[in-house]
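Worksheet for the structure shown next.
Since every read-out is calculated from the coordinates, none of them should be taken as a lab result. Given the structure is predicted, the values throughout are model-derived calculations rather than measurements. Cβ: placed from backbone, ideal geometry, glycine included. Neighbour counts: every protein chain shown.
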Ligand code: ATP
């Protein structure tokens, strides 16, 4: 996700997985280079289109040589990784938490809530919006240092100790829906959304600065 974003046309982007799969096979069989004609035959895309597509990747085929398979593979790996889904954990399956679990974030972006935590035995073990709810005691074991983002929808008074545990598990970004102000190390990003404050502020602005 740290890679420089390279703008490529959508039609080209759609062909990337096709090229990628074929090149992986070529690489596995020990081939170092491939011509656009060979690629064209294999993936059933005309060679002019392939040449144009590849020019977006900065891969310029040489006459009589073709394309360097390793170069193309590393490009595809980087580019396709940007399509990776970011997995998110949610803590606190109350009214707000439940609404988020039921909301399909995947519709608009590549994020997905993959697990939720609560302390309420009535909720632990359930699936809400298809997402499993685990006991908070299992936080460390379940996160296991591979979830980069967490949403906090717990009561304010427990937000800080949960945050500390999330940070220890390598969470880098926290979307905080509790009114608590969280203390985190510098390298952790917290976005704070206090719905009550936002609503109050909207009402205040309406009263004092009505839109024309
Ligand atoms: P909301 O504030 O989302 O509308 P609510 O009013 O239903 O929720 P809250 O009391 O705010 O309930 O709690 C939100 C959720 O957080 C509940 O499901 C509650 O069981 C859970 N919760 C409370 N304490 C903890 C904790 N220490 N760790 C994880 N979850 C907790």
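Computed log10 I(q)/I(0) for the chain at 0.11, 0.16 Å⁻¹: -0.72, -0.98, from the Debye equation with unit scatterers placed on every C-alpha and solvent omitted.
Residue separation times 0.36 nm, minus the C-alpha to C-alpha distance between residue 191 and residue 103: what's the value?
29.8 nm
The angle between the Cα long axis of helix 69-81 and the longest principal axis of the Cα atoms of the chain comes to about 20 degrees, rounded to the nearest 10. For the pair residue 95 and residue 10, a Förster radius of 41 Å applied to the C-beta separation gives a FRET efficiency near 0.60, rounded to the nearest 0.05. Hey, what angle do you get for helix 10-28 against the long axis of the chain, alpha-carbon based, 0 to 90 degrees rounded to 10? The answer is roughly 70 degrees.
Note on residue 168 and residue 201: with the Förster distance fixed at 35 Å, the Cβ-Cβ geometry gives a FRET efficiency of about 0.55.
Once the Cα atoms are used to define both axes, helix 195-208 deviates from the longest principal axis of the chain by about 80 degrees.
Once you order the gyration tensor axes a ≥ b ≥ c over the Cα atoms, which shape class does segment 10-79 get: rounded for a/c under 1.5, otherwise prolate or oblate by comparing a/b with b/c? Since a/c stays below 1.5, the shape of segment 10-79 is classed as rounded. The three principal axes of the C-alpha atoms in segment 86-197 carry coordinate ranges of 34, 30, 26 Å, sorted with the longest axis first.
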